[in-house]
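Below is one structure, written out as structure tokens; comments come after it.
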Amino acid sequence: MRKINLFCYLVIAVFLAGSVAASLTSGYPWSIACYNCILCKHTCPIGIDPYGFVKAAISNEPDLYIEASSIRLRLGEAAELDPRLSLKVDESEMTVQTALAKGISPDSEVTVLRMRAKDAAKFCPLCGNCEKPCPVALPIMKIIEDLKDDGKFND
Amino acid sequence: MENSTTRTAGSAFLFILIVMITTVVAYVVQAERKMHTEGLYPEVKPLVQGTFTFSHDKIEIHMMEDPVWKRIVVYAYDEGVSQVGIVKPVYDRTVIITPDDYPDFRVKTNGNKVVGFDVINNSNGALQGKSFFGILNDAKEGSRCFGIQECLYPLCTRCMDVCPVIQHGVIEMPILKNGAIHPLVHLPGCPRCGKCFEVCKVGVLLNPSKALDKGKGTFLHDDQKAMEPSKGEEIPLNHYY
Amino acid sequence: MLGQVKTRRLCEGHQSWRSVYRSKSRVLEIRKVLAAIALALFFLILVASIRGWISQSLLPLQSILILGAMILFLLALVFKQPFYPAQLLASTTFHPITATIAGFLLAGAVEAGGGFAAAGRILSKMGKGFLGISGTAVILVNIPTIFAMPCGRVWAATLMPAALMFGFELARAHDDLKVVPVIVFGLIINAAASCGPSPLGGIGTMGEGTGGFPLQSFSNPQQMAIMVMTLVAMAVISSVFRVPVKKSVLPPLRDNLPILPKTAYLTFAFYVVALSMVFLIRPPIPIQTILLAMTAVVMMIGKVSLRELMAGVILHPITAMTAGFIMGGALLVTGGFDALIALLSWVAVHSPLGFIGVSVLLIYVPIIFPMPCGRIISAALLPGVILFGVEVVQVTGHPQVLPAMLIGFILSAAASCGPSPLGGIGGIGEGNLGLRHGLTGIPLQLSIMAGVPVAALIVSYLGLSQEILRMNELLLCLGLGLISGLSVNMTLGFKFYRPGGILGGLVVGFLIIFL
């Protein structure tokens with residue numbers, strides 16, 4: 001029993017150390033200072049959740065799926081970007097694969113619900129609205145600009 | 001004992017004082033004292049033009065050119081004198097608005113000035129309200145302004161944020177006659193630092209070496225004022241100052 | 001063009017896409033089964049811990065939560081549900097963990113420098129002054145809400161010695177030990193709930209951000225409701241739930257208290273002044289940085305060594321929170337929280353409770369299933385609360401229902417770490433008083449149940465505002481402060497009109513609005 005407990009506490013220590021290491025590797029260790037207040041969420045004109053970029057930086061995962069609720073694009077373009085992209089079609093949620101399987105035309109316009117952080121960064125107009133309400137003045141645009149270049153962190 | 005207490009307290013306060021002085025010095029040293037006088041004036045791209053075709057199930061907008069950002073803001077004014085906007089993708093210089101399109105933001109206006117804005121986000125389904133298709137049709141029926149614009153002001157204020165002389169009103173964002181919000185640059189006051197066109201990602205403020213329509217942008221010369229917007233007028237095809 | 005060609009090729013295999021679509025439906029069914037198993041396992045872990053079926057001495061809660069999370073990850077692999085470690089990191093909130101560590105470091109430094117001993121002496125002197133014992137008590141127990149930190153444990157740990165000392169003095173004066181748990185658990189519930197209205201990244205900002213409401217608009221209603229929660233907790237523990245405190249916990253009486261060096265008072269003064277400045281100015285700097293800078297200064301003033309500093313850090317709440325977040329991440333990955341919302345939606349549609357009844361249930365879910373940190377459940381269920389809120393708005397036609405529900409849920413989640421048997425703040429008080437683990441869960445839960453509707457009613461009738469000082473809020477807050485003072489007077493065995501208690505309550509009401 002003691003060994004099980006020791007193992008569990010080690011898991012916790014590794015988890016905490018791993019999170020610090022991941023944010024250091026992404027090149028944005030300050031992302032851990034995020035208050036998780038989600039005040040940046042309702043500031044993006046195209047509906048991206050900027051907190052998603054911070055989460056992607058903390059976990060060093062540019063492929064993390066984040067909310068991007070008002071990005072509109074053609075189904076064909078979405079399929080090229082990511083077949084697992086989550087869309088809103090006729091009030092229901094489905095992936096690009098499912099939408100194509102249902103026979104929806106690739107030229108029809110769809111609204112994104114969730115997409116990868118690196119893909120969302122491509123659509124961002126870099127208006128800076130997300131940085132304004134941040135209580136700790138996190139430079140979120142630095143993460144977006146980094147992902148915009150090549151879809152990777154700190155390259 | 002008392003002496004060591006006083007000394008310790010004194011050293012702590014001295015430490016805090018040193019930190020404060022260092023912060024102030026660092027801030028002052030970093031802050032720009034001089035304005036650049038060599039450099040280029042920004043070119044303001046003319047307001048984008050488009051023709052609207054209304055039908056019962058969609059509204060098509062045909063544009064004269066492709067926007068830099070491949071997206072455009074379609075706006076319409078509601079009864080409350082607010083500009084309601086949606087960001088739409090442009091394919092083959094065409095934008096299509098359908099009844100499933102909901103607005104993305106609302107800009108509050110007062111005369112020809114912007115006074116505030118709200119982002120209407122349907123990420124939680126709580127704030128959807130009326131569809132933009134309906135709002136656009138209502139604007140047409142009610143002879144209110146509607147149109148297209150590339151500038152994202154007031155959601156994007158980067159050019160004004162980086163302008164070192166913005167307190168002198170060098171860059172203005174008036175509401176034009178047709179209801180569009182478009183930047184106006186006061187050339188006599190512009191220090192030609194080049195920061196505004198560097199940060200504009202939607203291609204409205206341009207580096208003059210890259211601008212195609214040189215000199216046809218919206219500039220203020222000799223204290224000319226921007227025109228007051230009026231409602232109920234047809235959209236002019238060409239709109240230059 | 002290339003994109004269109006590519007997608008046409010994708011569509012050409014139409015038969016193969018049909019089978020993809022059929023297999024997608026099967027995947028959805030598997031995911032529903034996994035989500036149901038995850039939710040059931042989570043409930044089992046909670047109930048087993050609450051009922052004591054799993055002894056904490058054999059398997060502490062951190063181990064239970066980690067083992068439970070591992071089982072869920074294993075199940076996800078067995079059911080072939082994709083997940084990757086980054087999802088776990090992305091679903092964790094590090095802010096309360098780092099704030100707690102920084103807070104404990106500062107508290108350790110102030111404690112080692114004699115600051116809290118000085119605080120105890122100051123409180124003792126205040127108790128003999130015009131404010132009296134009841135006035136001092138009402139200010140003491142409400143300090144965590146006045147200076148609301150992102151994690152209530154910081155205040156609970158730092159003020160506990162002062163609260164105990166004060167309580168023991170009062171117990172000796174009245175020859176009645178029941179006043180000790182009254183003050184201790186009044187402080188505990190106030191500290192537990194204080195992370196809700198904290199302007200330094202409290203849970204309330206999550207609700208404001210998710211719902212799109214103005215910044216800091218949730219703060220004042222929550223703080224007023226916490227005042228009510230505190231006085232209810234104190235009253236319930238004093239008169240209904242008698243908490244049996246043994247005489248042996250009372251420290252021996254000392255005739256001559258040791259003289260504290262002036263650095264101790266200086267340390268405490270710096271602590272109070274610096275924190276007040278942070279709340280007044282609210283600089284755009286993470287609170288963790290500010291707390292660490294304050295720690296450095298306190299170490300210099302109080303001549304504190306690093307070893308003494310580390311002694312102030314309590315690992316249990318930090319590991320409990322982290323284990324809770326890992327479990328929360330496992331539930332998110334397996335869809336356990338989605339299953340809970342689906343279950344509640346089914347109940348709303350198929351039972352006489354309807355959406356309104358189930359919304360009330362949803363608001364109290366955090367205290368029915370209390371986690372070591374309220375953020376775990378609030379981050380997961382906030383979208384569900386908004387979903388239900390929108391439905392109730394449509395049913396009732398009352399638009400203030402959505403912010404009222406949000407604020408109620410957030411306050412319930414914030415305060416839920418108080419009575420949590422999984423390493424909640426209540427354990428600090430129970431441990432210090434030698435009480436059975438989980439004994440004070442019910443009175444604390446009752447106080448939360450009483451306080452939550454207060455916040456919802458304030459939002460319903462006064463609306464939300466970003467303004468720091470609104471006349472109607474000020475008057476209401478002063479009124480609630482007055483009631484607080486009157487109640488504490490009676491709870492501590494004094495006449496209800498004792499002026500010290502009333503003045504203390506009014507001071508609390510004023511400071512809550514002003515700061």
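Computed from the coordinates by the stated procedures, all read-outs in this text should not be read as laboratory data. Source: prediction; values computed, not measured. Don't worry about glycine lacking a Cβ; one is built from the backbone with ideal geometry, like all the others, and counts go over all protein chains shown.
What's the ranking of C:424-435, B:191-202, C:102-113 by average number of surrounding C-beta atoms within 10 Å, highest first?
C:102-113, C:424-435, B:191-202
Rounded, prolate or oblate for chain C? Axes are the square roots of the Cα gyration tensor eigenvalues, ordered a ≥ b ≥ c, and the cut-off for rounded is a/c under 1.5.
It is prolate, given that a/c is not under 1.5 and a/b is the larger ratio.
Can you list residues whose amide H is under 5 Å from residue A:70's amide H, if they're 5+ apart or on another chain and H is modeled 1.01 Å from N?
Placed amide hydrogens put A:47, A:48 under 5 Å from residue A:70.
What is the spin-label model distance, in nm, from residue C:79 to residue C:40 if the labels are put 7 Å beyond Cα along the C-beta direction?
Those two pseudo-labels are separated by 1.1 nm.
What do you get when you divide the Cα radius of gyration of the stretch C:155-311 by 2.2 N^0.38 Å, with N the number of residues? Could you put the intermediate results ahead of the total?
Numbers: Rg = 19.0 Å, N = 157, 2.2 N^0.38 = 15.0 Å.
Rg over 2.2 N^0.38 Å, computed on Cα atoms: 1.27.
Let me know the Kirkwood hydrodynamic radius for the protein assembly as shown, please, with Cα pairs as the basis and the value in Å to one decimal.
Details: mean 1/r = 0.0333 Å⁻¹.
Taking the inverse mean of 1/r over all distinct Cα pairs, the protein assembly as shown comes out at 30.0 Å.
Kindly rank B:83-96, C:35-48 from highest to lowest mean number of other beta carbons found within 10 Å of each residue. Each step should come with its number before you reach the end.
Details: B:83-96: 19.6, C:35-48: 17.9.
Most protected by this proxy first, the peptides run B:83-96, C:35-48.
Nearest 10 degrees is fine. How inclined is helix A:50-59 to the longest principal axis of chain A, computing both from alpha carbons?
50
Using helices alone, what [θ] at 222 nm do you get for the protein assembly as shown, with -39,500 (n - 2.57) per DSSP H run of 4 or more residues, divided over all residues and rounded to the nearest 500?
Mean residue ellipticity at 222 nm (helix-derived): -18000 deg cm²/dmol.
Kindly put A:2, B:106 in sequence by how many other C-beta atoms sit within 10 Å of each C-beta, fewest to most.
So the residues, fewest neighbours to most, are A:2, B:106.
In nm, to one decimal, how far is the modelled label at residue C:262 from the one at residue A:21, with both set 7 Å along Cα→Cβ?
Here the answer is 5.1 nm between the modelled labels.
Mind jotting down the distance between the C-alpha centroids of the stretch C:476-506 and the stretch A:2-34, whole Å?
One Cα centre to the other: 46 Å.
Can you sort B:146, B:117 by how many other beta carbons sit within 10 Å, fewest first?
B:117, B:146
How much length is gained on full extension from residue C:351 to residue C:461, taking 0.36 nm per residue of separation minus their Cα-Cα distance? Working shown, then result.
Values: separation 110, 0.36 × 110 = 39.60 nm, distance 2.97 nm.
So the chain would gain 36.6 nm between residue C:351 and residue C:461.
For a test of the definition: using alpha carbon positions, the gyration tensor, and the 1.5 limit on a/c, classify the stretch A:2-149 as rounded, prolate or oblate.
It comes out oblate by the Cα gyration axes.
Could I have the simple spin-label model distance between residue B:92 and residue C:53, label points 7 Å from Cα toward Cβ, reported in nm to one decimal?
6.5
Is there a simple number for the mean count of other chain Cβ atoms within 10 Å of the Cβ of residues in B:195-207, and what is it?
For peptide B:195-207, the averaged partner shielding equals 1.
Using the alpha-carbon centroid of each, what span in Å lies between the stretch A:65-144 and the stretch C:223-241?
48
List the cysteines of chain A that have no other Cys Cβ closer than 4.7 Å: which are they?
Unpaired cysteines in chain A: A:8, A:34, A:37, A:44, A:124, A:134.
Could you calculate the contour length gain from residue C:176 to residue C:471, that is, 0.36 nm times the residue separation minus the distance between their Cα atoms, to one decimal place in nm?
Numbers: separation 295, 0.36 × 295 = 106.20 nm, distance 4.08 nm.
The span from residue C:176 to residue C:471 would gain 102.1 nm if fully extended.
Give, to the nearest whole percent, the P(r) tail of the stretch C:119-189 beyond 18 angstrom, counting all Cα pairs.
Values: 796 of 2485 pairs.
Distances greater than 18 Å cover 32 percent of the Cα pairs.
Counting only DSSP beta bridges with both residues in the protein assembly as shown, tell me the antiparallel percent, nearest 5.
Details: 50 of 52 bridges.
Bridges in the protein assembly as shown that DSSP calls antiparallel: roughly 95 percent.
Just tell me how shielded B:62-73 is by partners: mean number of partner chain Cβ atoms within 10 Å of each residue's Cβ, no decimals.
Mean partner shielding for this stretch: 1.
Treating the angle as unsigned and between 0 and 90°, give the value, to the nearest 10°, between the Cα long axis of helix A:2-26 and the longest Cα principal axis of chain A.
Tilt relative to chain A: about 60 degrees.
Only Cα pairs under 8 Å and at least 6 apart count here; give the relative contact order of the stretch B:59-108 as a rounded whole percent.
41 percent.
Sorted by packing (mean other beta-carbon atoms within 10 Å per residue), highest first, where do C:437-443, C:219-225, A:17-23 land?
Ranked by mean Cβ neighbours within 10 Å, highest first: C:219-225, C:437-443, A:17-23.
Any idea how far the Cα center of the stretch C:405-475 sits from the one of the stretch B:36-74, in Å?
52
Mind listing the long-range amide H neighbours of residue C:420? Cut-off is under 5 Å, sequence gap 5 or more, other chains count too, H placed in the peptide plane at 1.01 Å from N.
C:425, C:426
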